[in-house]
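The values are calculated or read from the model by the stated rules, or taken from the named source; none is laboratory data. Nothing here was measured: the structure is a model prediction, and the numbers come from that model. Every residue, glycine as well, gets a Cβ built from its backbone with ideal geometry; the counts of neighbours run over all protein chains shown. These area figures cover heavy atoms from the full protein model, side chains too; ligands, DNA and RNA do not enter into them. Shrake-Rupley method; radii C 1.70, N 1.55, O 1.52, S 1.80 Å.
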Amino acid sequence: NAGVTQTPKFQVLKTGQSMTLQCAQDMNHEYMSWYRQDPGMGLRLIHYSVGAGITDQGEVPNGYNVSRSTTEDFPLRLLSAAPSQTSVYFCASRSPSGNTIYFGEGSWLTVV
Amino acid sequence: GENVEQHPSTLSVQEGDSAVIKCTYSDSASNYFPWYKQELGKRPQLIIDIRSNVGEKKDQRIAVTLNKTAKHFSLHITETQPEDSAVYFCAASIRGGADGLTFGKGTHLIIQP
């Protein structure tokens, strides 16, 4: 049982490049979400999904796209990276009936 | 939307003393309040949580109190130890809601030997 798995763990991008952060969970959780964490800002919700085929925006969605084709996977796409997207990204999941949110190990992204 | 304020941003206490971190929230519909501990370079880990139908919850040296009227909740750590040094985050959400947690900005707890 791996829990929530994120890849890559570290990535350096040039401004304007695109990339996808991968997230997969093996707990059959319907709810998945992406947060970003910046120094002194806590964690902020980017996008979330309540199930396959359903996504919605969180607090800071601009510059990011998501899709949810399967229950297990919830990738986060940066179409044209900007230095302001330098951050640590956490994917998370939970079941609708539970409160506990399970976080992935994080992805450190630097945009230069 | 929900807004969570957390204080202090940094807290330094002597080993063995108690530490208290306070949070306020704005949305009266919020009814689930977890606390996370995050060590440097690691993911946030849930340490304790409380629901709005409970005023206090304890787990060994850790306790959380909730005042629904004041929209205020606090984390209490007694007999602090060096391994308690970390960043602590409070959060709030509507239990069962799908739109995730609203986090405070964090408290860096430093345990002085």
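So if I check each of A:Asp73, A:Asp26, which one is away from every other protein chain (no Cβ under 14 Å), open to solvent by 10 Å² or more (accessible area, probe 1.4 Å) and under 27 Å from B:Ile48 (Cα atoms)? Steps first, please.
Working: A:Asp73 fails: under 27 Å from B:Ile48 (Cα atoms).
Just one listed residue meets the conditions, A:Asp26.
Which of the residues that make up region A:89-111 are among the hydroxyl-bearing types (Ser, Thr, Tyr) and either facing chain B (nearest Cβ under 9 Å) or assigned to a strand (DSSP E or B) (or both)? Step through it out loud before you land on a result.
Narrowing region A:89-111 to residues among the hydroxyl-bearing types (Ser, Thr, Tyr): A:89, A:93, A:95, A:97, A:100, A:102, A:107, A:110.
Result: A:Tyr89, A:Ser93, A:Ser97, A:Thr100, A:Tyr102, A:Ser107, A:Thr110.
Just to verify a result, which residue in region B:53-71, among those that are in contact with a Phe, Trp or Tyr (Cβ under 9 Å, 6 or more places away or on another chain) and either under 22 Å from B:Glu83 (Cα atoms) or within 12 Å of another protein chain (Cβ to nearest Cβ) (or both), is least open to solvent (accessible area, probe 1.4 Å)? Walk me through it before giving the result.
The first filter runs over region B:53-71 and keeps only residues in contact with a Phe, Trp or Tyr (Cβ under 9 Å, 6 or more places away or on another chain), leaving B:62, B:64-67, B:71.
Those left that are additionally either under 22 Å from B:Glu83 (Cα atoms) or within 12 Å of another protein chain (Cβ to nearest Cβ) (or both): B:62, B:64.
Numbers: B:Ile62: 37, B:Val64: 0 Å².
So, considering only residues that are in contact with a Phe, Trp or Tyr (Cβ under 9 Å, 6 or more places away or on another chain) and either under 22 Å from B:Glu83 (Cα atoms) or within 12 Å of another protein chain (Cβ to nearest Cβ) (or both), the one least open to solvent (accessible area, probe 1.4 Å) is B:Val64.
For the structure I just gave you, tell me whether A:Arg77 is in a loop (DSSP other than H, G, I, E, B), touching a Ser or Thr at 6+ places or on another chain (Cβ under 7 Å) and among the basic types (Lys, Arg). Walk me through it before giving the result.
On the way: in a loop (DSSP other than H, G, I, E, B): no; touching a Ser or Thr at 6+ places or on another chain (Cβ under 7 Å): yes; among the basic types (Lys, Arg): yes.
Against the criterion (in a loop (DSSP other than H, G, I, E, B), touching a Ser or Thr at 6+ places or on another chain (Cβ under 7 Å) and among the basic types (Lys, Arg)), A:Arg77 does not qualify.
Tell me yes or no: at least one residue of region B:60-83 is within 22 Å of A:Gly3 (Cβ to Cβ) and of a type outside the set (Phe, Trp, Tyr). Quick ask: steps written out before the conclusion?
In the first step, residues of region B:60-83 are kept if they are within 22 Å of A:Gly3 (Cβ to Cβ); the result is none.
Looking through region B:60-83, none of the residues is within 22 Å of A:Gly3 (Cβ to Cβ) and of a type outside the set (Phe, Trp, Tyr).
Within region A:30-49, can one find any residue that is more than 14 Å from every other protein chain (Cβ to nearest Cβ), open to solvent by 50 Å² or more (accessible area, probe 1.4 Å) and in contact (Cβ under 8 Å) with a residue 12 or more places away in the chain?
To start, the set of residues in region A:30-49 that are more than 14 Å from every other protein chain (Cβ to nearest Cβ) comprises none.
No, because not a single residue in region A:30-49 is more than 14 Å from every other protein chain (Cβ to nearest Cβ), open to solvent by 50 Å² or more (accessible area, probe 1.4 Å) and in contact (Cβ under 8 Å) with a residue 12 or more places away in the chain.
Matching residues to (1) of a type in the set (A, V, I, L, M); (2) modelled with pLDDT of 95 or more; (3) over 13 Å from the mean Cα position of the chain (by Cα):
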position: B:Ile50; (1), (2), (3): yes, no, no
position: B:Lys58; (1), (2), (3): no, yes, no
position: B:Val64; (1), (2), (3): yes, yes, no
position: B:Ala86; (1), (2), (3): yes, yes, no
position: B:Arg95; (1), (2), (3): no, no, yes
position: B:Pro113; (1), (2), (3): no, no, yes
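Failed condition for B:Glu83, given (1) in a loop (DSSP other than H, G, I, E, B); (2) open to solvent by 20 Å² or more (accessible area, probe 1.4 Å), with all others met?
Every listed condition holds for B:Glu83 apart from (1).
I need every pair where a residue in region A:73-87 that is in contact (Cβ under 8 Å) with a residue 12 or more places away in the chain has its Cβ under 9 Å from the Cβ of a residue that is assigned to a loop (DSSP other than H, G, I, E, B) and surrounded by 15 or more Cβ atoms within 10 Å (Cβ to Cβ), sequence separation at least 6 or different chains.
Qualifying pairs under 9 Å: A:Asp73/A:Ser67; A:Phe74/A:Ser67; A:Phe74/A:Arg68; A:Pro75/A:Ser67; A:Pro75/A:Arg68; A:Arg77/A:Ser67.
Where in region B:9-51 are the strands (runs of 3 or more DSSP E), entirely inside, with at least 1 residues that are among the aliphatic types (A, V, I, L, M) and surrounded by 13 or more Cβ atoms within 10 Å (Cβ to Cβ)? Spell out the reasoning first.
Working: elements: B:10-14, B:19-25, B:32-38, B:45-51.
In region B:9-51, the matching strands (runs of 3 or more DSSP E) lie at B:10-14, B:19-25, B:45-51.
Which of the residues that make up region A:1-25 are at pLDDT 95 or above, outside any strand (DSSP E or B) and not basic (Lys, Arg)?
Selection gives A:Pro8, A:Thr15, A:Gly16, A:Gln17, A:Ser18.
Scan region A:50-64 for residues that are open to solvent by less than 70 Å² (accessible area, probe 1.4 Å) and either assigned to a strand (DSSP E or B) or in contact with a strand residue (DSSP E or B) (Cβ under 6 Å, 6 or more places away or on another chain) (or both) and jot them down.
A:Val50, A:Gly51, A:Thr55, A:Gly58, A:Val60, A:Pro61, A:Tyr64
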